[in-house]
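The values are calculated or read from the model by the stated rules, or taken from the named source; none is laboratory data. Just so it is clear, the structure is predicted and the values come from calculations on it, not from any experiment. Every residue, glycine among them, receives a Cβ derived from its backbone with ideal geometry; neighbour counts consider all protein chains shown.
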Amino acid sequence: MADLGNILLYFLFPLSVFTALTSLASGMTKRQGLLVAARRGAYGIFGVTTLSVLALIYLLVTSDFSIEYVASNTNRALPLFYKIVALWAGHNGSLLLWTWIITIFTAIVAFQNRRKNNDLMPYVLFVMAGTTVFFSILNVFIANPFDTLYQDLGNRLQEFAVPDGRGLNPLLQHPAMIIHPPILFIGYVGSVVPFAFAIAALITGKLGAGWIHTTRRWALTTWGFLGIGIILGGKWAYVELGWGGYWAWDPVENASLLPWLTATAYLHSVMIQERKGMLKTWNMSLVIATYLLSVFGTFLTRSGIVSSVHAFANSGLGPAFAVFISLATIASVGLLLYRRKDLKPDEEMQSLVSRESGFLFNNLLFLLATIAVLWGTLFPVISELFTGDQITVGPPWFNNIMIPIGLALLLLTGVGPLLAWRHTSVETMKRSFGWPILGSVVLVAALIAFGINDGWALGSFAISFFVMWTIVVEFIKGAAVRKKNSGENILKAVYMLSRKNTRRYGGYIIHAAIVLLFIGFTGNAFNSETRAEVDEGDAFQLGPYTFTALKIVEDQNENYSSQSLELEMSRNGKIVTYLNPEKRYYFASEQPSTEVDIHSTIREDIYVVLSGMSNDGQRVIVQVYRNPFVKFVWIGALVLLFGTIFALIPNLRESKIGRDA
């Protein structure tokens with residue numbers, strides 16, 4: 001099976017080259033027969049890559065320890081489910097998954113556009129197949145997951161198989177691991193579709209809104225996957241790493257955030273181009289930046305230039321990625337400069353107090369956030385280049401920069417939709433903003449009265465209240481008008497209103513999700529923690545809670561040995577719950593892992609970690625964190641997913657509703 005996998009990968013490279021060159025030739029000669037051949041090539045590279053993925057899964061499931069990747073990421077005692085998940089647990093396998101996803105997208109795009117966009121498709125397929133060429137080179141020549149193990153017999157090398165593998169990294173043996181990487185990869189890889197259409201538009205000079213309409217759902221879908229993937233990564237870090245948080249401004253975390261920021265900016269500013277014919281150059285730049293930052297994120301994870309719990313060890317891929325990113329940047333910027341005269345806006349900005357200006361300020365803040373995160377992420381590399389020492393930029397620096405930017409963006413989330421196109425009068429502003437501002441002021445006064453005095457937290461709660469108010473009012477006002485005109489009850493009116501313009505009201509739902517996320521983030525201002533060394537019967541305190549160590553339990557199975565602590569949590573003498581944090585040691589990988597236990601309510605999480613043994617070996621060390629509002633982050637993620645899906649649903653036409661009634 002390994003030989004078959006190798007043959008398939010070696011065939012993928014020339015087939016990708018054929019598809020890319022045939023696509024390019026079709027665009028240059030306008031010969032439809034070549035485009036048909038290129039389209040079939042796109043289907044072919046998808047088929048070949050799919051078979052190679054299935055071959056690797058078979059090797060993982062059957063525990064073929066003559067294959068280096070299988071031996072490095074699985075062992076015999078590993079549950080079957082995690083053997084399959086190991087496809088993307090290691091460097092070489094995850095790179096094959098990256099390649100597979102792009103071939104899936106290439107085949108889908110080729111099929112969707114088989115009877116349309118004939119002027120753009122040759123260059124679209126050229127860009128997508130060209131990207132596949134690059135990754136197929138990496139899969140075949142640098143990071144081949146089908147490489148076999150060899151032993152040196154002096155005068156020759158001989159294949160051999162180890163008795164058992166090293167096992168899956170214990171940190172990855174968690175349900176979030178099952179879906180986080182592929183979802184994040186879909187978000188990364190999906191950026192190539194809008195990018196390919198943008199490059200095709202620049203090459204052909206067809207710079208109208210056609211390519212935007214074609215890629216609108218692609219852009220929103222991949223943005224949604226990227227956002228959900230980021231939050232799932234935070235969930236994994238929260239429950240698996242045992243440090244009490246879900247975001248640490250880690251370089252690889254930042255690398256996934258960067259394309260999300262530029263993609264979010266694009267989804268907002270593209271509405272101005274569709275409606276007013278403005279920001280054409282800016283939108284092209286954002287699409288290009290999102291793609292390049294997605295590839296950059298993959299480079300950062302695999303190059304070894306930054307230290308991260310999420311990163312793979314130095315794999316030797318850094319130079320190849322650097323060359324690819326450089327060539328893609330030069331080609332993209334060159335095309336953008338070549339077409340700069342054709343990208344002039346159809347209209348000019350007429351007022352600073354307008355919806356257009358709101359979108360513009362929104363984009364400028366997203367750009368500022370992207371630059372800040374990129375600078376902080378690369379600063380250790382830059383400092384080492386000039387001084388010889390890596391100077392790390394920590395979470396306090398990121399928080400000081402990003403909190404005010406984030407709150408400004410959150411405020412614009414509520415302000416922007418209430419502004420009128422072209423110009424907003426003072427009277428309209430008073431009518432739109434009066435009550436939400438008054439409500440926010442009352443809320444701040446109430447919070448201060450309850451003893452909350454953190455300035456950023458007060459600002460975040462006030463802005464969150466303001467934005468949520470404006471969202472709810474938009475639904476109520478629209479539904480009230482519809483109810484009056486149609487006679488529908490209020491619930492049906494809300495539904496029909498939303499279905500009539502799913503893009504708009506799906507956007508409002510997404511904005512509501514962002515508010516929930518910010519409430520969750522704000523809870524970090526009130527975190528508290530304690531550390532205790534306890535034996536059975538000992539008790540300690542955190543806030544209003546008393547924790548009593550009941551029992552220390554040691555256990556073992558064929559996969560790992562464990563030590564756990566049964567902990568009673570009470571408040572005012574009444575038992576709230578029992579918590580069982582655990583420490584494990586995995587035999588195959590010879591690695592420890594921390595299994596936290598969390599008591600979660602809408603108000604707060606009580607997060608318990610068994611850190612290890614005391615110096616005298618007589619007691620266990622337990623760390624307890626009290627984290628307010630964390631649940632809002634996970635609820636916000638679900639609302640974000642729902643809003644994204646809703647925005648993708650086609651609008652319900654009134655004429656069809658009338659016929660069906």
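Structure notes:
- Any hit, segment 424-444, residues being surrounded by 19 or more Cβ atoms within 10 Å (Cβ to Cβ), in a helix (DSSP H, G or I), under 30 Å from the mean Cα position of the chain (by Cα) and at pLDDT 85 or above: no
- Qualifying residues in segment 144-195 (those that are out of contact with any helix residue (DSSP H, G or I) (no Cβ under 8 Å at 6 or more places or on another chain) and assigned to a helix (DSSP H, G or I)) - the one modelled with the lowest pLDDT: P175
- Within segment 489-531, being aliphatic (A, V, I, L, M) and closer than 22 Å to T264 by Cα holds for I509, I510, A512, A513, I514, V515, L516, L517, I519.
- Taking the criterion of being under 26 Å from A86 (Cα atoms) and surrounded by fewer than 24 Cβ atoms within 10 Å (Cβ to Cβ), no residue of segment 109-131 qualifies.
- R584 being over 29 Å from A89 (Cα atoms) and either surrounded by fewer than 18 Cβ atoms within 10 Å (Cβ to Cβ) or touching a strand residue (DSSP E or B) at 6+ places or on another chain (Cβ under 9 Å) (or both): no
- When we screen A549, A513 for residues that are crowded, with 18+ Cβ neighbours inside 10 Å and touching an Asp or Glu at 6+ places or on another chain (Cβ under 6 Å), the only hit is A549.
- If the condition is being hydroxyl-bearing (S, T, Y), more than 26 Å from W236 (Cβ to Cβ) and not assigned by TED's automatic domain parsing to the domain that holds I575, then segment 600-657 contributes only S655.
- From E488, E529, residue being among the acidic types (D, E), under 30 Å from L550 (Cβ atoms) and surrounded by fewer than 18 Cβ atoms within 10 Å (Cβ to Cβ): E529
- Apart from one condition, F105 fits all of (1) within 22 Å of A2 (Cβ to Cβ); (2) touching a residue at least 12 places away in the same chain (Cβ under 8 Å); (3) in contact with a Phe, Trp or Tyr (Cβ under 9 Å, 6 or more places away or on another chain); the exception is (1).
- Screening G27 on (1) buried (at least 20 other Cβ atoms within 10 Å of the Cβ); (2) small (G, A, S); (3) not in a helix (DSSP H, G or I) shows it passes everything except condition (3).
- Close pairs from segment 237-256: first in the same structural domain as V622 (by TED's automatic domain parsing) and among the charged types (D, E, K, R), partner surrounded by 21 or more Cβ atoms within 10 Å (Cβ to Cβ) and modelled with pLDDT under 85, Cβ under 9 Å, at least 6 apart: none
- Qualifying residue in segment 269-285 (condition: within 24 Å of A176 (Cβ to Cβ), modelled with pLDDT under 85 and out of contact with any Leu (no Cβ under 8 Å at 6 or more places or on another chain)): no
- Total residues in segment 203-243 satisfying the condition of being over 30 Å from V333 (Cβ atoms) and either modelled with pLDDT of 90 or more or part of a helix (DSSP H, G or I) (or both): the figure is 11.
- Residue within segment 172-186 that is under 30 Å from D346 (Cα atoms) and crowded, with 22+ Cβ neighbours inside 10 Å present: no
- Subset of segment 366-391 [surrounded by 13 or more Cβ atoms within 10 Å (Cβ to Cβ) and outside any helix (DSSP H, G or I)]: Q390
- Of the residues making up segment 346-375, not one is touching a Gly at 6+ places or on another chain (Cβ under 7 Å) and without any contact (Cβ under 8 Å) to a residue 12 or more places away in the chain.
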